[in-house]
Amino acid sequence: MKPLLYLEYRQTINSIKNTLRSPKRLIPALFVAAFAFAWIMQTVLLLANAPRPGQFGWKTLGATVHIESLVHSGAFLLLSFGTAVFIFQAFSTGSLIFSIPHIDFLFPTPISRRSVLLMKLLRDYVKYTLWIAGAAIFIGAPVMQTLGGSLYPYGLVSIAALVAYLLFVINVTHTLNIIFTFSFERFKQLGIAIKILLILAIASSVVVGTWHFASTGSADFSLRDAADSPVIKTVFAPADWCSSLILSPVTALNAQKIRFDKLLLLWVLAFVSFMALLSRKENIYEPSLGVSVKVARMKQAMRSGDATALRVQTLQEKGARRAKLLFFPQFGQGATALLWKNLLVRYRMSWGQLLLIAFLPPALVIAIQRLVVWEELLQNLPFILVYMAFLLSITVQPQVRAELKHANILKAMPISAWNVVFVQVMSGTIYLALGTAAFAGSMWLFVPATRTSLLLACTIGSIFLGFACISATVIPALLYPDTRDQAQNVFCNLLGVSLVAVALVPTVVLGVILGILLRFSAIVVVIPVCVINAILGFAGIGVSGAIFRRFDPSGD
Amino acid sequence: MLKVDGLVKYYRKTLAVDGISFTVNDGEIVGLVGPNGAGKTTVLRCVTGIVQMTQGRIEVDGVDLEINEEAVKRLIAFVPEVPSPYEMLTVYEHLRFIAMAYKTLGNFDERAYELMQRFDLYDRRNDFVLSLSKGMKQKLAIACAFVHDARAILLDEPLIGIDPKGAKELKNMILDTKQRKGSVLISTHMLDTAEHLCDRIIIIQKGTIIAEGTLEELHQSAKMGRDASLEDVFLSLTEESKVIEATSVS
Ligand SMILES: Nc1ncnc2c1ncn2[C@@H]1O[C@H](COP(=O)(O)OP(=O)(O)OP(=O)(O)O)[C@@H](O)[C@H]1O
Ligand SMILES: [Mg+2]
């Protein structure tokens with residue numbers, strides 16, 4: 001135990017020192033700390049000035065009881081589904097995750113496996129408790145404030161219940177994982193039985209809920225019925241206790257009794273499962289090897305802030321070996337081939353996003369159709385499209401920075417710097433155009449009221465606007481290419497957003513003057529908008545081309 | 001003395017090691033060579049108790065791994081393949097942590113000084129491991145293996161990425177261990193090093209031993225001349241067993 005404590009202690013002290021020493025890490029840390037502090041102070045002040053329940057109280061007790069039971073049902077379903085997913089995973093992939101240094105240097109030492117496990121579990125428990133407590137303060141306190149109550153003291157019951165439940169689930173998951181890694185064959189039937197039970201419980205509640213919704217159309221009562229279905233209530237009884245205890249502050253507000261017996265039961269479960277886990281004699285190191293390496297790679301990709309690396313990692317996870325579905329016919333030579341490659345990579349890396357771009361707009365249109373007055377929306381159409389252009393162009397920047405990782409290859413190609421940058425901008429613009437067209441197209445299809453020249457004009461205009469915006473975001477990407485450097489990331493994002501904002505100005509000014517003040521027709525307004533955006537876009541590309549010509553790819 | 005007897009290892013359903021037996025005597029250096037995925041790392045991991053063997057017996061100086069794992073681990077030192085040490089420790093602290101883990105803090109400071117000098121880490125002793133180069137991390141991992149007086153030293157690809165001086169020091173340390181009558185097991189792809197450093201060589205493929213012995217004995221089993229290098233022997237033997245397999249299948 002002593003060496004493990006030494007390890008934890010030194011690592012903690014050193015990382016604090018390391019943060020304090022480098023301004024690059026210190027500044028973001030201070031920001032986060034200041035933010036958290038401000039939030040907590042605000043919460044404390046809120047609590048101090050909180051009106052007594054008697055003063056305002058509940059408007060009508062009936063309605064709040066209804067909401068309370070709804071929240072209870074929602075929390076219960078969330079907890080049960082989450083638990084089911086957790087336990088399911090335990091059968092296939094390892095659940096105990098150690099760091100790679102642990103695997104390399106701690107596992108071979110004669111420190112007993114039980115101490116290592118104990119230390120790891122305690123560490124995890126503390127981490128989860130802090131998360132839960134943080135979440136309770138950040139979310140629970142304002143909610144309780146608006147309800148006219150206070151998080152203290154019964155919020156502590158909620159936290160205690162959630163922590164106990166989480167520990168219980170984690171311990172059970174680890175235990176199952178260990179047993180099934182080593183005695184896979186022996187307990188085959190048991191494994192299948194557990195899986196069937198879980199599926200049955202979840203399925204029963206889904207069926208009940210869906211059936212209820214189909215027959216009554218009332219979402220909240222369906223939710224409650226789904227949570228009340230007897231199978232799920234029995235299988236996930238601890239989740240039920242926990243979800244009712246989460247609401248303790250509200251329960252107290254409603255002057256009902258808090259079930260401390262259930263809290264006690266949850267802690268007993270947590271403790272018993274903890275002892276069961278610690279008493280396992282199997283080699284707990286083994287199941288953790290594979291998954292730990294995977295997690296470490298993921299973290300690495302995440303830390304480097306490289307979206308592409310992350311995606312590559314998940315593709316690897318899924319075992320994507322061949323390009324099969326992700327095929328894209330080749331075209332072009334020279335710069336055009338580069339365009340093809342960019343489109344292909346983008347398509348392979350983010351076809352999920354692309355599907356989203358294609359299907360989300362119609363879904364949104366259909367969903368909000370009943371809620372909004374279309375005539376009003378129509379007037380805002382230009383703003384919606386401007387906003388879309390803005391959003392879509394912001395997403396291009398990470399892609400360009402990922403591309404710059406291969407700058408030494410790009411620079412070695414017999415393609416002019418200007419052309420390379422142009423291709424980067426164009427491949428972003430093509431996807432932006434697709435997204436915008438999907439949105440406009442679905443409006444056209446599903447909402448007859450929007451079939452006007454305004455829609456056409458806005459679509460064309462926003463594609464050109466997108467071109468200008470993307471061209472603007474490429475400049476900071478070239479200036480600050482290193483995604484591993486937090487300071488560069490911050491500057492790059494800030495500069496990108498501000499440049500895009502600048503690029504938006506001419507369009508907005510022209511639109512307001514010509515379209516709103518002078519009341520020209522949409523088609524007339526869009527022509528100068530397109531022209532000015534094209535000029536802006538090419539100007540941006542010119543600047544980027546000049547930067548790229550002097551770009552030093554040996555940066556890393 | 002390290003004794004491995006009938007070692008079988010399944011990772012769930014994949015067979016990684018299929019019945020391997022060998023002995024590394026006191027004062028002997030044995031090389032474990034084989035193509036990628038042959039099971040070298042798995043053998044070393046079984047011996048160090050990082051993974052649980054499915055079948056077999058492993059003994060170090062007569063102590064059974066299954067019966068007294070901690071005692072066996074105390075007798076062993078292990079240098080992992082492409083090690084990644086704790087980044088948030090300093091070089092000195094890292095060595096100290098290892099010494100604590102093996103309960104050999106006794107003459108730690110002299111020992112650490114000597115090791116850091118040998119592997120050119122002394123100037124960096126108060127730097128975070130984070131700031132070390134890849135080769136320096138490898139050297140640190142090697143230094144960690146020599147912090148305690150292990151009876152058996154297992155090294156997984158120890159020579160990758162270290163400079164000639166580091167490699168020379170490592171070889172000296174290994175020869176020292178041999179002098180002290182320790183047992184050394186090295187898994188490696190660097191056949192010329194294996195040829196010069198090792199007393200005996202075990203060639204494994206697909207989890208089984210296909211040849212074992214001194215260089216001379218290997219020459220004989222491959223039916224090759226005395227002047228053939230280990231590389232030739234290795235290629236000939238591993239190809240040969242593939243051919244045998246192919247014919248036995250058809
Ligand atoms: N944690 C693991 N889970 C499942 N299979 C594994 C695991 N580790 C290794 N294997 C498999 O066991 C076999 C032997 O792997 P091992 O790492 O021992 O080979 P190796 O001889 O060290 O290869 P290399 O020369 O590439 O280091 C391989 O087929 C590998 O895929
Ligand atoms: Mg290996």
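Per residue of peptide B:87-93, the mean number of Cβ atoms on other chains within 10 Å of the residue Cβ is 5. Farthest toward the positive end of the dipole of region A:59-302, out of A:F81, A:Y152, A:S92, is the Cα of A:S92, where the dipole comes from beta carbon charges about the Cα centre. Work out the FRET efficiency for B:E216 and B:S21 from their Cβ-Cβ distance, taking R0 = 25 Å, and round it to the nearest 0.05. Between B:E216 and B:S21 the formula returns 0.70. Once the Cβ-Cβ distance of A:A534 and A:A412 is raised to the sixth power relative to R0 = 25 Å, the FRET efficiency obtained is 0.25.
Lys/Arg Cβ at +1, Asp/Glu Cβ at -1, dipole of region A:59-302 taken about the Cα centre: which of A:A141, A:L176, A:W211 is farthest positive-ward? Of the listed residues, the answer is A:L176. Looking at region A:226-294, the trypsin sites (Lys or Arg not before Pro) that sit in a DSSP loop and have at most 11 other Cβ atoms within 10 Å of their own Cβ are A:K257, A:K281. One decimal place: the segment A:L265-A:F221 gains 12.9 nm when fully extended, by the rule 0.36 nm per residue minus the C-alpha distance. Calculated mean residue ellipticity, 222 nm, the protein assembly as shown: -21500 deg cm²/dmol, from DSSP H runs (n ≥ 4) at -39500 (n - 2.57) each, averaged per residue and rounded to 500. Site pair B:K171 and A:L118 shows an inter-label distance of 4.6 nm when each label is modelled 7 Å from Cα along Cα→Cβ. Considering the options A:Y6, B:V91, A:A546, tell which one lies farthest towards the positive end of the dipole of the protein assembly as shown, charges being +1 on Lys and Arg and -1 on Asp and Glu at the Cβ, about the Cα centre. The Cα lying farthest towards the positive end belongs to A:A546.
Model label sites at B:R12 and A:S279, defined 7 Å from Cα along the beta-carbon direction, differ in position by 2.8 nm. Stretching B:L235 away from B:H189 to a fully extended chain increases their span by 15.4 nm, per 0.36 nm per residue minus the current alpha-carbon distance. Averaged over the residues of peptide B:71-77, the number of Cβ atoms from other protein chains lying within 10 Å of each residue's Cβ is 2. Dipole magnitude for the protein assembly as shown: computed about the Cα centre from +1 point charges on Lys and Arg Cβ and -1 point charges on Asp and Glu Cβ, it is near 1660 debye. Packing here is the average count of other Cβ atoms within 10 Å per residue, and on that basis the peptides B:145-154, A:385-394, highest first, run B:145-154, A:385-394. Shielding of peptide B:191-202 by partners, expressed as the average count of other chain Cβ atoms within 10 Å per residue Cβ, is 0. In this structure, the residue pairs whose Cα-Cα separation is over 20 Å, taken from A:K281/B:K9; A:K294/B:K139; B:K9/B:K40; B:K134/B:K181; A:K294/B:K9, are A:K294/B:K139; B:K134/B:K181; A:K294/B:K9. Label separation (A:I13 vs A:R451): 7.6 nm, computed from points 7 Å beyond Cα along the C-beta direction. The overall shape of region A:59-302 is prolate: from the C-alpha gyration tensor, with semi-axes ordered a ≥ b ≥ c, the ratio a/c is 1.5 or greater and a/b exceeds b/c. For A:K341, the lysines whose Cα comes closer than 25 Å to its Cα, not counting residues fewer than 8 places off in the same chain, are A:K318, A:K324, A:K405, A:K411.
Every number in this text was worked out from the coordinates using simple rules, so none of it is lab data. Model, not experiment: these values are computed from the prediction. All Cβ positions, even for glycine, are placed from backbone atoms using ideal geometry, and neighbour counts span all protein chains on display.
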